[in-house]
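Contents: one structure, followed by commentary.
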Amino acid sequence: MERTIHPEKFKPKGKRILVLPDDFGNKSSGGIMLPDANVERPQTGTVITIGDDVTLYAKGERILFGKSAGIKIDFKDIATDDENATRAYWLMQESEIFGSI
């Protein structure tokens, strides 16, 4: 059994930032469940951890980023008690972030 890594224990290097994207769910405004391929990727999220060289953003800050920013990494889902539950986080460069919201 593979253990999942807790996202707050991950330490990005340099100017990288680990972001938990906002969860908009897989439902349309009319309540219809949508397949993952039809769900648009969120462009807002919360900073979870930052690298030592990050100067513009802090842990817990809400940010706006581009659709193609960063790479997806699965970490432990800290919102559940299930040890094996994972959630998608995004690791991105500080320069890929548009600003705070």
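Return the loop-located trypsin sites (Lys or Arg not before Pro) in segment 40-83 (DSSP other than H, G, I, E, B) with at most 11 other Cβ atoms within 10 Å of their own Cβ; answer none if there are none.
Hits after loop and neighbour filter: LYS67.
What are the residues whose amide H is under 5 Å from the amide H of GLU61, where those residues sit 5 or more places off or on another chain and H is modelled from the backbone?
Close amide H contacts, sequence-distant or interchain: VAL47.
Calculate, in nm to one decimal, what ALA88 and HIS6 gain on full extension: separation in residues at 0.36 nm each, minus their alpha carbon distance.
Roughly 28.3 nm would be gained on extension.
Residues in segment 51-89, backbone N under 14 Å from the label point at SER100 (7 Å along the Cα-to-beta-carbon vector): list them, ranges by number please.
Answer for this model: 55-64.
Each reported figure results from applying straightforward, stated rules to the coordinates on display, with no laboratory input. What you are looking at is a predicted structure, and each value in this text was computed from that prediction instead of being measured. Here the Cβ is made from the backbone with ideal geometry for all residues, glycine too, and neighbour counts use every protein chain on show.
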